[in-house]
Each structure stands twice: as C-alpha cells, then as structure tokens.
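Working notes, structure below.
What follows is calculated from the coordinates using simple rules that are stated; it is not laboratory data. Nothing here was measured: the structure is a model prediction, and the numbers come from that model. Note that each Cβ is placed from the backbone with ideal geometry, even for glycine, and that neighbours are counted across all protein chains shown.
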C-alpha cells in the first residue's frame, strides 16, 4: 500500500533542514526501491546512487503534483471532511424486508431527521426476526462492501466476493435485486453506488470498524498479541491507522547502519592487490631485463662461448623457488569427514527431546536406585503402588535413556569443536596458499617455461579468491568457535551453516585440497625439469646464447606491456570500486539521519492517532479491574528484539498486555486473563477504537452502528452499560470534537435499551460542553405492522420504527 500521505512525509524529510542526498533519493525514487529486506534495500539504494550524476536533480514540486494525480497512489484528500452521517434509509426486497410492487408501491425505510432537519442518533429496540439485521446488512454493504453476518456463516470468509454478499442480501421469496439506499449529508448512495469504491481506501478509512456485529467481535477475539504477522493486533492496528508503511520502512532502514557490508571493499582490495601484483611483475621484469641486457652486451664484446654467468644465475633462482615450495599444507586435516560426523550426530540429537533438567534427573534417579533395597517402600515418594522390582526396572530404563542423552550430548559437543577448529584451520591454510601464489606467480612467471604449472597456479588463485576474501563467512565461523558453553542454539547454527553451504563444505573442500597438492607437485617437477635442462646444456654456441637472451628479453617486455595494459584497465575498475565503497559508507551514514527524521514523524503519528486507539481500550476496560486493583490493561508500542547476522536489532510492535502495577515485568495477554464477557467487550473495543483512530486521522465522519451485541445479564448493575455508552461518547468527542457523532444501536434487550437511553441522554458533570444530537428512542416492528411516513426531504416510506 502506497499512500500520498506517506510519500509526502518522505518529501518533507528530503526538503527539510539537515537533509542529505540519501533522504532525497528515498523520497524521489521510493516506488523503485526494494524494502523487502535489508540486503535488497541496500542494493537498490546503491544502484540508484550509481545512476546519479552531477546533472541529477530532484524536482519535488513536480513529484507532488504527480502524486496527487497518480491513480496508483492512494490519496484520501477527496474524502477529508466528508460527512456520511445518515439522514434516511430506503430498503426493500432485502432479506426479510418485502419488495415494492404495484400493490405495495411505497418502500420501507427509517428516517433520522427530526422536525428541525437535524440528524439524530437512534437507539432501537427490536425483537429477533423483525428485520434489524437486514437493515444493518444493507447499510454495512453500502459503507464497507462486506457483511459481518455473512462472513460469520462462511468457513473461509476472506474468500467471499461481491456476488456472495449480494446473494446473501436477496429476499428468499423473490429473484429481483435487493434495494438499499441511504441519504447522507454529503450524498446519496446505494448498493450499486457505494460510498468507498477503492479497496485500499476502505482499508484505511475502516468503515467496517464503524459497523460492529458479532462477526467483528469474534474476529477481533481471534487475534494474537505479539509479533507483526497477519493475524496480530500489531498488524491489524498498524494497517488500520496507516502506520504499516512507516513502521515497515523504518524496520528495514534501521538495519542498514549495522549492516556488515564487505562485498564492495573486498572487490576493491582484490583489484588493488592485482594492480600491485602487476607492478611487482613489471619491476621484477625490468630488473631481469637489465641483467640480461648486461649479459648480452658482455657476450657481444667477448665474442666467445658463454657457459656460466647466465646459467648459474638461473640455476640459483630455480633452486630457491624449489626450496620455497610448501611440502605439505593441509593433507593432515580431514574436515569433510568431521562435517559428515557432525551432521549424523546432529540428526540423532534433534530426534530426541533434551532438557536442562536431564542431568539433575539422572543424579536423582541414580541416588534413589542405589537406595532402592534399603526401603520397604518407594525411596522417592514413600508411597508407591509398584513393587520394588517394578520400580527398579522403570528407574533403570529411564537412566538408560538419560545416559544415552548424556553420551550423545558429549559426542556432539566434541564433534562441534572439532569441526569448527578444522574449518578455521582449513580456511587459514587456504589463505596461506592464496598468499603464497600471489607472491610466487610474479617470480615464477619470469623464469618458468611450463605452461601447465603457470595455468594450474592461476586457476587455483581464482578459485581461492572468493573464499579467503569472504570475511562474513569466516567471521561467522570465528564467532561459533568462541562459544564455550554450547547450547542447542549453537548446534543449530552450525548445522544451518553447513546445510546452507553444502556445496562449499562438501566435495569442494576435498577437490581444492587435491588441487593444492597437485599444484605443488607440478610446480616442483617443472622447476626440476628446468634445472635439468639448464644443467644438460651448460655450454651453448655464442650465437644461440645471444638468440636465447634476446628471445627472453622480448618475452619479458611483452609481459611488461600486458601487465601495463591490464593496470590501465584495472585502474578504471579500481576507481569505480572506490566509488562503490564510498557509496557504501555514504548510505550507512546518511540513512541514520533519514531514520531519525522518519522516527520523529512516526512518533508524531503515534502521539496523535495511535493515542485515539489506545485510550478507549484502556479507559473502558480498566474499569473492570475492581477485583484485581493491582492489574491494568496496557496498549503500547513495544520494542521487541530480533537478530540478523548476530546483531540484535529492535522493532516497534503494537502489543496489548495485562500488566501487574507492582511488577511491570509480570504480564499476560487479554485472551488469557479476561472472562468471556470482558473479553467480548475487549474485542468490541478493538473495533470501536480503530474506528475512532481512523476518524481522527482521516477526518471522515462515518456513523457508528452497533448490531445487538449486548445482553443485560452481562452487566453487574443498571449503571454499568450507561457508563460504557457515556465513556464512549466522551472519548469520541475528546479526540474528534469538530465531528458530530451519530450512534445507531440495535438491541433486543430491554435492559440495554433503557440504559443506553439513560447513558446517551444524561452525560456526567464536567462534560456539558459536548453537544450530542437528539436521540430517537424507538421500537422496531415487523414490516407487516407498517405505518406510512413522510420525511423532511419529502420521501414517502413505510416506517420500520415507531418513536
């Protein structure tokens, strides 16, 4: 969901004091950024920064205009200030309400205008079966495009389509279309011309929360109270208040500053090392060329056979290279076998139920087992129906299980430590080989003629590069190695690491070890062959020696040329890599400023609109803690920790808790604490509070319609329900004083009817400033008991209620 309010908030941050480039990028390119995860957001920000240039500009004035006209962006501006309070209702051929025909040309209806043309509230007493739910269903469909009663009677209510609701509204005795029309302050609407046609606008304005039925109470009673998934109080409230965009954006954006992003730095370092390697080759080749030029000059001056200076120099270099060749590196480490063994043990370990109390239980049973024959009865409880022999069999059986668990725990602990240690040694050895090749290839290239050795060395260097430079992986293994007291969580982390990198920790390790071993053999053989060749040809004709020297010089110069050209290309790559590294630092630093500013905006929304959700729930429900004065209901945004790559981060989650005033850490949830009636009231108040918060945030006046939810037997005294209604009215006017409230209450209970009238008619002292429209107190009769009426607008109808 992408609302114009949220987009404009991002723009205000980008245009505000102390803004930075990244804030502008997020505001301007928000639709193209991927907020699904930290990694995806970072990549999309990085890609966007790469595309920017010196001429890039951010025309936010134009963007604001585009947002206003973009049909893909939800803009609630056209609804702000709208008044959809009901003046009159026309209804016919809808469920139990008869149709209009030649014999009965006048429709049924309810008028809510008094003689002065003022819109009234209505408290309607109606027996079951007279049509109150039919009226409620028709209104709910026009306002909310759903019907709670139909959803209550459907196994999978979220699968219901428009036609399903229309079918439900049909009169069982007639195939004609049902008719329901409503005249409001700001327009006339019907089942064919609903008030809110956009589904996402519906989700924000929450008209369904203004039409409270049994379904809404049941549905709200099924929510969970922790987390931010689909069926949690956090998700329901955040979506309803338009907070979800802000909170989701913040949750991902606040992960960026602590993101251990090393890919760009690793790439830059690799390029820089390659440049330095080429420079070393050029430097070495120049030194060798100078030496060869000197020898060539001497040969040409001497005019005689040359047999020692050149050969002895080359033989010395070749012998030194052989000495430097590692003889053995990692052949003694069989890490793949250790990995297999750990995986086998982990599978066994995971299949049994372990417990922190297992070792204590084992000691207890062992002590009792030793004393078993010293007692005539159970040494554990002194009262057992089992014989001593039967007890002994059971205890020894359980001890066998516990000993197996203890043995398995010891084995998997040893296997864990061995596997982690060998992994670290293997990666360190790979790093040693990588460093050896990095230095060696510049030296050996200038003197060794064996292409196989050179190619093997280069191939191995390329294979090892991504492994030894994967700092994230190596640091993770190091973190695992530093654990002292191992837990199930540690075993799980290692098992997941091995599972998620099975190709790396499988044949790759063995194959790489074999390639390293083969390289050293090939390299040694090539060097020995070169030495033998030089030794067998200790004396060459002058002309041949000169030709060999000239050929070698030419090859060395070609290598210098190639290395120089490569460095020119690499320099360009390095500049780009440095730019990317700078972008990485820029993103991490600048997004902190953005996060701070957006957090301020969120706090402002929470303060003004979340408060309108929080207060009604806490105010009304906390009146029901007379039996437990130390407890209270607390609705709040709570920081909950979660881990990513070993970092502890915090997310703001809306929670509902029953808290002990004397010990705030002692909490439970409403579903666990409240009895049936109070939990029903709590679930009702969730809906009413969402309605109030939506009303306050979006300034759209929708009537509050409640369908026969209360029973007099639920309330402990006649004043209880009166106070409930009064508190509700006071809270609505406290948060939306500029929006006149219209309440329509249907009930079949005479107690509720009378107390609702008393509560709405006589507000307590101190609240006389609240102006509440007159209230129609009426009874609803079956359609057959019709009375013809004429409304203030001239509308003729059979009146369904009798004042």
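What full-extension length gain, to one decimal in nm, is calculated for residue 64 and residue 294 as 0.36 nm per residue of separation minus the Cα-Cα distance?
Stretched out fully, the residue 64 to residue 294 stretch lengthens by 75.3 nm.
Note down, for region 4-80, the three equivalent ellipsoid semi-axes (square root of 5 times each alpha carbon gyration tensor eigenvalue), biggest first, whole angstrom.
Equivalent ellipsoid semi-axes, largest first: 23, 16, 12 Å.
If packing is taken as the mean number of other Cβ atoms within 10 Å per residue, what is the order of 692-701, 786-795, 481-490, 407-416, highest first?
Answer by packing, highest mean first, reads 692-701, 407-416, 786-795, 481-490.
Once you put a point 7 Å from the Cα of residue 78 and another 7 Å from the Cα of residue 162, both along the Cβ direction, what distance in nm separates them?
My value for the distance between the label points is 1.6 nm.
Between residue 260 and residue 727, 0.36 nm times their residue separation minus their Cα-Cα distance comes to what?
This chain segment gains 163.0 nm when fully extended.
Take residue 504, project a point 7 Å from its Cα along the Cβ direction, then tell me which residues of region 245-276 have their backbone nitrogen under 17 Å from it.
Correct set: 260-267.
Apply the Debye scattering formula to region 157-240, with a single equal point scatterer on each alpha-carbon and no solvent, then give log10 I(q)/I(0) at q = 0.11, 0.22, 0.24 Å⁻¹.
Treating every Cα as an identical point scatterer, log10 I(q)/I(0) equals -0.43, -1.28, -1.36.
Give me the number: length gained by fully extending residue 793 to residue 177, i.e. 0.36 nm times residue separation minus the C-alpha to C-alpha distance, one decimal in nm.
Contour length minus the Cα-Cα distance gives 219.2 nm.
Be a star and scan region 516-530 for residues whose amide nitrogen sits under 15 Å from the point 7 Å along the Cα-to-Cβ vector of residue 322.
521-530
What FRET efficiency do you get for residue 496 and residue 273 if R0 is 51 Å and r is their Cβ-Cβ distance, rounded to the nearest 0.05?
After rounding to 0.05, the efficiency reads 0.95.
Please give the FRET efficiency for residue 4 paired with residue 676, using the beta carbon to beta carbon distance and R0 = 60 Å, rounded to the nearest 0.05.
So, using R0 = 60 Å, E works out to roughly 0.90.
Arranged from highest to lowest average of other beta-carbon atoms within 10 Å per residue, in what order do the peptides 335-345, 127-137 appear?
127-137, 335-345
Any idea how far the Cα center of region 84-119 sits from the one of region 144-198, in Å?
Rounded to whole Å, the Cα centres lie 16 Å apart.
Under a plain spin-label model, where a point goes 7 Å from the Cα along Cα-to-Cβ, how far apart in nm are residue 569 and residue 301?
Once both label points are built, they end up 4.2 nm from each other.
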